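The values are calculated or read from the model by the stated rules, or taken from the named source; none is laboratory data. Model, not experiment: these values are computed from the prediction. Don't worry about glycine lacking a Cβ; one is built from the backbone with ideal geometry, like all the others, and counts go over all protein chains shown.
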């Protein structure tokens, strides 16, 4: 880095200090001392946009649309945590403030437009503002998640990292027939075992409707891949978990699937 680049970085850091103090929005951790091997992660659990960000200029319907969060994902994750005695780590802030499953330099981390929705509060975001949001949202969440994983590693309980997401049935006008997508980062073994154990009545596919090539495995790449941990990202079509009752029914269907995948990859309890 040359002298001009260093001055530019210092200026941005100084400007970020002058931006409103947003505070800190850490991860929410449930069942921290769970005996189960799986650690569930729900990065898009919330559509909450704290007052500091002024609603990002969104109308109420847009602020609750699927671009702001993954509807049903938290209900499903809680259902799985209860059935699998799993620790659950989830976000407290909307993905539109900072998408926790995207690198801070990724355009989708604070998008100006998401699918059919403009996000006015992200339209002219400065580097200093990006830095301030990263400090307030991204760093606390991933620090807390890393702490959960590191504690288990220190205890000799190598966790299996499973992230829980939902996706819309129609994307840019195109219907999606897949109901259950299983995605992986560099190690596909656990994801393939989940696919093999998927409920027979469900349309389940590997690396659909997204894959690592779409940049959606950021959390897995940060927390699972460096430690060589078994992992998978689960994507459930959100019309199948649209109510708490539907999410609970889906948890009943997917808990045996995950147990089977644990057994098939020798990731059972010690």
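The set of residues in segment 234-270 being buried (at least 19 other Cβ atoms within 10 Å of the Cβ) and at pLDDT below 95 consists of 267 alone.
Pick from segment 130-163 the residues that are outside any helix (DSSP H, G or I) and crowded, with 21+ Cβ neighbours inside 10 Å: which of them is nearest to the chain's Cα centre (by Cα)? Give the steps one after another, and end with the answer.
Kept after step one, since they are outside any helix (DSSP H, G or I), are these residues of segment 130-163: 155-163.
Of the ones still in play, those that are also crowded, with 21+ Cβ neighbours inside 10 Å are 159-163.
Working: 159: 17, 160: 15, 161: 11, 162: 10, 163: 6 Å.
Among those residues, the one meeting the criterion is 163.
Checked against the criterion of being at pLDDT 95 or above and closer than 21 Å to residue 227 by Cβ, segment 165-180 has no qualifying residue. Of the helices (runs of 4 or more DSSP H) lying entirely inside segment 170-270, those containing at least 1 residues that are within 20 Å of residue 83 (Cα to Cα) and either under 20 Å from the mean Cα position of the chain (by Cα) or in contact (Cβ under 8 Å) with a residue 24 or more places away in the chain (or both) are 189-196, 244-264.
Quick grid of which residues meet (1) touching a helix residue (DSSP H, G or I) at 6+ places or on another chain (Cβ under 6 Å); (2) buried (at least 16 other Cβ atoms within 10 Å of the Cβ); (3) under 14 Å from residue 92 (Cα atoms):
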| site | (1), (2), (3) |
| --- | --- |
| 28 | no, yes, yes |
| 35 | no, no, no |
| 38 | yes, yes, no |
| 42 | yes, yes, yes |
| 45 | yes, yes, yes |
| 59 | no, no, no |
| 62 | no, yes, no |
| 65 | no, yes, no |
| 72 | yes, yes, no |
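Considering 219, 186, 225, the condition of being closer than 22 Å to residue 150 by Cβ and surrounded by fewer than 16 Cβ atoms within 10 Å (Cβ to Cβ) is satisfied by 186 alone. Within segment 112-129, can one find any residue that is free of Cβ contacts under 8 Å to residues at least 12 places away in the same chain, assigned to a strand (DSSP E or B) and either buried (at least 21 other Cβ atoms within 10 Å of the Cβ) or on the phi < 0 side of the Ramachandran plot (or both)? Yes, the conditions are met somewhere in segment 112-129.
Cβ-Cβ distances below 8 Å connect the following pairs, each with a first residue in segment 26-41 that is on the phi > 0 side of the Ramachandran plot, a second residue that is surrounded by fewer than 17 Cβ atoms within 10 Å (Cβ to Cβ) and in a loop (DSSP other than H, G, I, E, B), and a separation of six or more residues or different chains: 31/85.
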